[in-house]
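First comes the structure, then the notes that go with it.
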Amino acid sequence: MKLRALFMASLFIAFTQVSKAQVIVTTTLPDSITYWEKTNRVGFDINQIAFVNWSVGGNNSVAGLVKGAFIRRYTKGNMDWNNELILKYGLNRQEGQSTRKTDDQVELNSTFGYRNDTVSHWYYSAKFNFKTQFSNGYSYPNTVNEISGPFSPAYIFLGVGTEYIRKDLGFNAYFSPLTNKTTLVLNNTLADQGAFGVDAAIKDENGNILRHGKNSRTEVGILITNQFKRQIFTNIMLDNRVTLYTDYLNNFGNVDVDWQLQLDLTVNEYVKANIGMHMIYDDDIKSKREVAGVQLTEGPKIQLKQMIGVGLSYTF
């Protein structure tokens, strides 16, 4: 009897030890460490107006805007790498008119920064910026002669400098004393016209082209950018961006300005309204207008765009 009891106790102890060993072997810790912050935001705004027996008159119209913003930020120790892709495309259809473009934007921003310690807000930085558009643009009602197009223009900024970053305030400012600006005009018709500052075609006295216009222009100058993005009131987000650039060799002190201001108003998780303004001044961009069916090229002017929209937005 004692021998049997001793045998049973030995089996119980062995089984208990095996069970404990199995638990130890199969237990794993989840890897929850990541240095990436990811934000994807897509949206669709629509504006529509229709009239039926409206005594004061008016034209039926509908406008839609598709947009997306994709952000990837890598932060580890003294290193900060921020990437942003912005896409927008809008169309408007009004009774009695052909479909017209209302917005068109492709923009990629990438800034890499490194600081000496984890306390300082100053970074040694390198910045890359690329801008172009999806489709041709026209000086309406002329829809035959395009005044812009994909990669016509495209702007590429690449430079080194210093950046001041305050994540707690939603503020950053970048200064580069050495930035290369490349302007691309791959549409040969626009390049021959000397659009967006590239060298125009050389023609003889009869108007025959002896040498086509150049498809690119390179400048080196000073670049200053600033962004302030934070919630200023309940459900209201402010995004203010300013870019200033001047070239060392061509009219130094003549500053190109790109200023974007937007207010995002949140109704609920999916419905948002936005109010925005975009102002550009670039001495290399000549304005165009049509007089009696003839398209005239005039000097540079302040370009101003104002937007109001209500639509759906989804963030993931």
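So in segment 284-307, with the set limited to residues that are over 18 Å from the mean Cα position of the chain (by Cα) and modelled with pLDDT of 90 or more, which one is surrounded by the most Cβ atoms within 10 Å (Cβ to Cβ)? I'd like the intermediate steps shown before the answer.
First, pick out the residues of segment 284-307 that are over 18 Å from the mean Cα position of the chain (by Cα): 284-303.
Imposing the further condition that a residue be modelled with pLDDT of 90 or more reduces the set to 301-303.
Values: 301: 12, 302: 10, 303: 14.
Taking the candidates together, the pick is 303.
For a quick check of your reading of the model, give me the residue pairs whose first member lies in segment 104-130 and is more than 16 Å from residue 171 (Cα to Cα) and modelled with pLDDT of 95 or more, whose second is basic (Lys, Arg) and part of a strand (DSSP E or B), with beta-carbon atoms closer than 6 Å and at least 6 apart or on different chains. Matching pairs, first to second residue: 105/88; 107/131. Scanning segment 207-247 for residues that are at pLDDT below 95 and among the hydroxyl-bearing types (Ser, Thr, Tyr) gives a single hit, 234. Restricting to segment 244-283, name every residue that is acidic (Asp, Glu), surrounded by 14 or more Cβ atoms within 10 Å (Cβ to Cβ) and over 22 Å from the mean Cα position of the chain (by Cα). Hits for segment 244-283 are 247, 283.
Listed conditions (1) more than 30 Å from residue 271 (Cβ to Cβ); (2) free of Cβ contacts under 8 Å to residues at least 12 places away in the same chain are all met by residue 233, apart from (1).
The set of residues in segment 45-67 being hydroxyl-bearing (Ser, Thr, Tyr) and either within 33 Å of the chain's Cα centre (by Cα) or modelled with pLDDT of 85 or more (or both) consists of 61 alone.
Within segment 185-221, count every residue that is of a type in the set (A, V, I, L, M, F, W, C), surrounded by 19 or more Cβ atoms within 10 Å (Cβ to Cβ) and touching a residue at least 24 places away in the same chain (Cβ under 8 Å). Selection size over segment 185-221: 5. Among the residues of segment 178-194, the ones that are more than 23 Å from the chain's Cα centre (by Cα) and either of a type in the set (A, V, I, L, M, F, W, C) or closer than 16 Å to residue 113 by Cβ (or both) come to 2 in all. The lone criterion from (1) in a strand (DSSP E or B); (2) touching a residue at least 24 places away in the same chain (Cβ under 8 Å); (3) hydrophobic (A, V, I, L, M, F, W, C) left unmet by residue 249 is number (1). Within segment 22-33, can one find any residue that is modelled with pLDDT of 75 or more and either surrounded by 10 or more Cβ atoms within 10 Å (Cβ to Cβ) or not basic (Lys, Arg) (or both)? Looking for residues that are modelled with pLDDT of 75 or more and either surrounded by 10 or more Cβ atoms within 10 Å (Cβ to Cβ) or not basic (Lys, Arg) (or both), one finds at least one in segment 22-33, hence yes.
Only a single criterion out of (1) surrounded by 17 or more Cβ atoms within 10 Å (Cβ to Cβ); (2) under 20 Å from residue 215 (Cα atoms); (3) in contact with an Asp or Glu (Cβ under 6 Å, 6 or more places away or on another chain); (4) among the aromatic types (Phe, Trp, Tyr) is not satisfied by residue 155, namely (3).
Of all residues in segment 115-159, how many are among the hydrophobic types (A, V, I, L, M, F, W, C), more than 20 Å from the chain's Cα centre (by Cα) and in a strand (DSSP E or B)?
First, pick out the residues of segment 115-159 that are among the hydrophobic types (A, V, I, L, M, F, W, C): 119, 122, 126, 128, 130, 134, 144, 147, 151, 154, 156-158.
Retained after the next criterion (residues that are more than 20 Å from the chain's Cα centre (by Cα)): 119, 122, 144, 147.
Going one step further and asking which of them are in a strand (DSSP E or B), we end up with 122, 147.
Of the residues in that region, 2 qualify.
Per this entry, residue 301 is counted among residues that are out of contact with any Gly (no Cβ under 9 Å at 6 or more places or on another chain), under 21 Å from residue 152 (Cβ atoms) and basic (Lys, Arg).
Let's see how each residue does on (1) closer than 18 Å to residue 275 by Cα; (2) in contact (Cβ under 8 Å) with a residue 60 or more places away in the chain:
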{"site": "43", "(1), (2)": "yes, yes"}
{"site": "47", "(1), (2)": "yes, yes"}
{"site": "52", "(1), (2)": "no, no"}
{"site": "57", "(1), (2)": "no, no"}
{"site": "67", "(1), (2)": "yes, no"}
{"site": "77", "(1), (2)": "no, no"}
{"site": "81", "(1), (2)": "no, no"}
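Close Cβ contacts (under 7 Å, 6 or more residues apart or on different chains) running from residues in segment 258-287 that are in a loop (DSSP other than H, G, I, E, B) to residues that are hydrophobic (A, V, I, L, M, F, W, C) comprise 267/273; 270/312; 284/196; 285/196.
The values are calculated or read from the model by the stated rules, or taken from the named source; none is laboratory data. As the structure is a computational prediction, the values presented were derived from the model and not from experiment. Don't worry about glycine lacking a Cβ; one is built from the backbone with ideal geometry, like all the others, and counts go over all protein chains shown.
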